[in-house]
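Just so it is clear, none of the values below were taken in a lab; they were calculated from the coordinates. Since the model is a prediction, treat every value here as computed from it, not as a measurement. Using ideal geometry, Cβ is built from the backbone for each residue, glycine included, and neighbour counts are taken over all protein chains shown.
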């Protein structure tokens, strides 16, 4: 009987321990930490480890090569180009998406029936997969069977080749990505805008500020933290661009839209299955993304402090 | 309290009992595959996603119903892209299927990595007549003297032409071009019809057409020992110039188009001439396109050159011997005259079994018998070379794209040759 009493009291102290907020927090975090550990941290360490080996996907003929794979990257023009294409895409996509999302959020911030309907409409593409969106855009922009080239042709304009033109292909992919994702940015910015105290706008109005001045001098400073979050997440997402390129141009024409992730994928998962080299390129990309995210985060924090 | 304890013990016992029964189920399953009286289930991956997949499903269903070897084939059909992504990781993770159907060009890199079984003993099985197989078809699966796959389908590139567009352009719909020059002349006439009509389409990923053109012009991709590139030649330049003149300069077809997009043009009836494999037949028939099919055009009349391609059955090394026996049972069934005939007629494929080719229904079928003519002289392109897949994807296809985009053909050729050398040297 005594033994059972001891076990009951142990149980109680166990629950009491985990009921304390500072301990319970770990319980709430545990699922995310476990997922992060198994699907992010361990694969990251594994990728770094593989990058020091000459290894193929079948794990045959494995050889330790030290930093050779990293050295090879700097002599591989296609790999370097793929990094530049990724940066180019990011420069096109991230600012456009943040601007379009913020402007849409500002325009639809008042809760009217039309605005609520518009918000839902703008969010619909977010629900579609990138692959589906890619296929839709490929068909819409196809110079032979596409609706958009057809309409342009009807107005007597020449038919642009969009995804088939080396100059137009990447901007076309960026536009498609903005269309697909700006609903997320809009929703985040909308929440931030709606949280701004109306008294700030009233004061600005009393001081004679017009709508434009209110937007730049009241709205923007107030939403800087959300803006920073959107810039950073978009930046990371853009640097990892893959699906939409894979579906629309497959990296063409002439590798002009081949992104870093696509190059990593083609090196590692198609003949000659160079897993070691692909891991080295992935590690380099990881470092670039980390530097960009940290610097953008620092810049936005600095800006936030400046504006407050 | 004691009652509660007993209740807990009871739950533990029940769970243990369930565990034992489940374990028993598991062991009975494993014994089912080892015992000769029980059914052996074999998993089969392939990429026949089109209408050919429906025929394949029917054949597998019939086999599962009728075979007396107690074998059940469990098939997983996926796109070839998916297949080529899943198989290497499946092999590494020891989750590979028991057998696969794959292209002979892709097989070589698997063999080089020691992941495919030698299937030479298949031809020694009771009821298998080795001499009934066309030698070229059988040799598709031979690498370094060993048989790594048994044919399932052989194919080549054929010339398709749209008879309706031929008539509109004032050409004889029953007289397709015989040479590459005639093809260019006819394509130019068709492309002048306007209304988005294209004369000829050369896909940017059209390596199969490119290899045939190179071969016809006497150009070689690799030297005799296959250790160095042989691309840097006047014959290669001539081939590149021909395509550039046709597409980029004369504009008889779209400049930057994928194979899938070119297929769509042909299926929509807005393409006059096209070169593709037998799989285009079903779509053309379904879309009621008035078309013809003939053997591939040549550099000059009377030449008989073509590349033989094919898909075969292969077995990963992870498959057990007992399952290999079961797989042989299915492969044997596949290579019977009845199934060979069904596959050829329904999918419009050239037969590779002599008994199928001799069948009167096959001889009566115009499309199939035309394709069979080409199989007689077609030869595989660098069979067993593990670098071919890499060279095709990373050198030849990008070079085609550059040629079609109007880049200088000499520099494209030189650059491609260098890249081939680099690939062969393992850099």
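Please compute, over every Cα-Cα pair in region A:1-139, the percentage with a separation greater than 21 angstrom.
That tail contains 76 percent of the Cα-Cα pairs.
Run the simple label-point estimate for residue B:220 and residue A:155 please: 7 Å along Cα→C-beta, distance reported in nm.
Output for this residue pair reads 5.7 nm.
May I ask you to sort A:241, A:124, A:71, B:356 by Cβ crowding, counting other Cβ atoms within 10 Å and putting the fewest first? Mind dumping the intermediate values first?
Numbers: A:241 24, A:124 9, A:71 12, B:356 27.
By the 10 Å Cβ count, ascending, the order reads A:124, A:71, A:241, B:356.
Say we join alpha carbon atoms closer than 10 Å with springs in a Gaussian network model of chain A; which of A:272, A:125, A:31 then has the biggest fluctuation?
Maximum among the listed residues: A:31.
Sort out for me the Cα centre separation of region B:55-113 from region A:81-119, rounded to whole Å.
If we compute the Cα centre of each part, the gap is 45 Å.
Which angle from 0 to 90°, rounded to the nearest 10, does the C-alpha axis of helix B:409-424 make with the longest principal axis of chain B?
30
So what is the 222 nm mean residue ellipticity for chain B from helices alone, if each DSSP H run of at least 4 adds -39500 (n - 2.57) and you divide by all residues, rounding to the nearest 500 deg cm²/dmol?
Dividing the helical sum by the residues of chain B leaves -14500 deg cm²/dmol.
Between region A:172-212 and region A:9-78, what is the C-alpha centre distance in whole Å?
The two parts, judged by their Cα centres, are 37 Å apart.
Using only Cα atoms, tell me the angle between helix B:207-216 and the longest principal axis of chain B; keep it within 0 to 90° and round to the nearest 10.
That works out to roughly 50 degrees.
Other chains' Cβ within 10 Å of B:388-398 residues: what's the mean?
The mean count of partner-chain Cβ atoms within 10 Å per residue comes to 3.
Please give the helix B:2-34 orientation as an angle from the longest Cα principal axis of chain B, in degrees from 0 to 90, rounded to the nearest 10.
50
Mind pulling up the Rg/Rh value for region A:1-50? Radius of gyration and Kirkwood radius, both on Cα.
Details: Rg = 18.1 Å, Rh = 13.6 Å.
Looking at region A:1-50, the ratio lands at 1.33.
Once the mean 1/r over all distinct Cα pairs of the protein assembly as shown is inverted, what Kirkwood radius in angstroms do you read off?
Numbers: mean 1/r = 0.0332 Å⁻¹.
For the protein assembly as shown, the Kirkwood estimate is 30.1 Å.
When a/c is below 1.5 the answer is rounded, else prolate if a/b is larger than b/c, else oblate, so apply that to chain A with a ≥ b ≥ c taken from the square roots of the Cα gyration tensor eigenvalues.
In terms of gyration-tensor shape, oblate.
Between A:30, A:195, A:280, find the one with the highest GNM mean-square fluctuation for chain A; connect C-alpha pairs within less than 10 Å.
Maximum fluctuation in the GNM of chain A, among the listed residues, is at A:30.
Separation between the residue A:201 and residue B:49 pseudo-spin-labels, each 7 Å from Cα along Cα→Cβ, expressed in nm?
If labels sit at residue A:201 and residue B:49, their model points lie 4.9 nm apart.
Per residue of A:259-269, how many C-beta atoms from partner chains lie within 10 Å of its own C-beta, taken as a mean?
Counting other chains' Cβ atoms within 10 Å and averaging over A:259-269 gives 1.
Can you give the average number of partner chain beta-carbon atoms within 10 Å of each beta-carbon in peptide A:270-282, as a whole number?
Mean shielding count: 4.
Among B:258, A:158, B:239, what is the fewest-to-most ranking by other Cβ atoms within 10 Å? Spell out each step's value before the answer.
Values: B:258 19, A:158 8, B:239 27.
The most exposed by this proxy come first: A:158, B:258, B:239.
For region B:154-202, compute Rh as the Kirkwood radius over C-alpha pairs and then the Stokes-Einstein diffusion coefficient at 25 °C and 0.890 mPa s; write the answer in µm²/s, rounded to an integer. Numbers along the way, then the final one.
Values: Rh = 11.3 Å.
For the chosen part, D equals 218 µm²/s.
Based on the Kirkwood radius over alpha-carbon pairs, what value in µm²/s does the Stokes-Einstein equation return for the translational diffusion coefficient of region A:83-123 at 25 °C and 0.890 mPa s?
Roughly 211 µm²/s, to the nearest whole number.
Once you place label points 7 Å from the Cα toward the Cβ at residue A:147 and residue B:342, how far apart are they in nm?
4.3
Could you tell me whether chain B comes out rounded, prolate or oblate from its Cα gyration tensor? Rule is a ≥ b ≥ c as square roots of the eigenvalues, rounded for a/c under 1.5, then prolate if a/b exceeds b/c, otherwise oblate.
Since a/c reaches 1.5 and a/b is larger than b/c, the shape of chain B is classed as prolate.
When ranked by the protection proxy of mean other Cβ atoms within 10 Å per residue, highest first, what sequence do the peptides A:109-118, A:165-174 form?
A:165-174, A:109-118
Sorted by average packing, counted as other Cβ atoms within 10 angstrom per residue and highest first, what order do B:334-341, A:257-264 take?
Ranked from most to least packed, the peptides come out as A:257-264, B:334-341.
What share of the DSSP beta bridges in the protein assembly as shown is antiparallel, in percent to the nearest 5?
Within the protein assembly as shown, antiparallel bridges account for around 65 percent of the total.
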